[in-house]
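Read the structure below first, then the notes.
Here, each number is a calculation from the coordinates, and none is a lab measurement. Everything numeric in this text was worked out from a predicted model, so none of it was measured. With ideal geometry, Cβ positions are generated from the backbone for all residues, glycine too; neighbour counts draw on all protein chains shown.
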Amino acid sequence: MVLKKVKTAVFISGTGSNLKNLIKFSLLKNSPIKINLVISSNTKAKGLRFAKLFNIKKKTYNFRNKSVTEKIILRELKINEIDLVCLAGFMKILSKNFIKKFRGKILNIHPSLLPKYKGLNTHERVIKNKEKFSGCTVHYVNSKLDAGKIILQKKVRVSKKDNPVSLKRKVLKQEHRLYPKALKKILTNL
Ligand code: GAR
């Protein structure tokens, strides 16, 4: 049976390790997604090189005027017949209007065990609070920050030796497993 892949846009702001990982996943024969578009909020985002490397259309917007930018992005999503948006290290907060227009079709990955540690500087706060566990979460995006329905989570043990950098590395490794798994969960019957 030939699988019809869901046309996906990935939104990034920085390094793009999740983008690279999602691109590799999308290229697998049985992957439920095809990445047709990469959107960056930062011209200097390292992750943009993965779009170039894999020949994926990319667009960068500075978001100085958020409502105008979002209108342009919505048009771009329509032109490219995008059906799913994956936020992957995207550091801008999308407006209620944008989320409404794409309701139920925007996912995010967050480097904590939500609902704990919403927002920024997750790893620093986890270490400061001497948590024994942290992790990552893939969730639907709704109008409240990092509060949409959870699809999957993965727990990571925090050791006494961990610092924000080592914890980030540990969590990222799990993020790279979790995002594809979450996509399979919602898009296929596996
Ligand atoms: C990831 O850890 C991701 O979970 C986090 O940013 C990092 C991006 O890494 N996202 C957020 O904090 C969203 N609020 P990457 O650019 O290498 O994928």
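So the values come out like this:
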| quantity | calculated |
| --- | --- |
| Alpha-carbon centroids, segment 23-40 and segment 60-125: separation in whole Å | 18 Å |
| Whether the chain is rounded, prolate or oblate, judged on the alpha carbon gyration tensor where a/c under 1.5 counts as rounded | prolate |
| Cβ-placed point charges (K, R +1; D, E -1), dipole of the chain about Cα centre in debye, nearest 20 | 240 debye |
| Within a Gaussian network of the chain (alpha carbon springs, distance under 10 Å), most fluctuating of Phe50, Phe98, Phe90 | Phe98 |
| DSSP loop trypsin sites (Lys or Arg not before Pro) with at most 12 other Cβ within 10 Å excluded, longest remaining stretch of the chain | 65-102 |
| Most mobile of Thr15, Thr69, Thr137 in a GNM of the chain (Cα contacts under 10 Å) | Thr69 |
| Folded to 0 to 90 degrees: helix 66-79 orientation relative to the chain principal axis, Cα | 60 degrees |
| Ranked list, fewest to most other Cβ atoms within 10 Å of each Cβ, for Leu145, Leu152 | Leu145, Leu152 |
| Cα gyration tensor shape for segment 1-87, rounded if a/c is under 1.5, else prolate or oblate | oblate |
| Nearest-20 debye value, segment 76-117 charge dipole, Cβ charges on Lys, Arg, Asp, Glu | 260 debye |
| Of Asn55, Ile23, Ile72, farthest towards positive along the dipole that unit charges on Lys, Arg, Asp, Glu beta carbons give the chain | Ile23 |
| Selected from Asn121, Gly148, Phe98, residue furthest toward positive end of dipole (the chain; charges at beta carbon) | Asn121 |
| Rounded to 10°, Cα long-axis angle of helix 164-187 versus longest principal axis of the chain | 50 degrees |
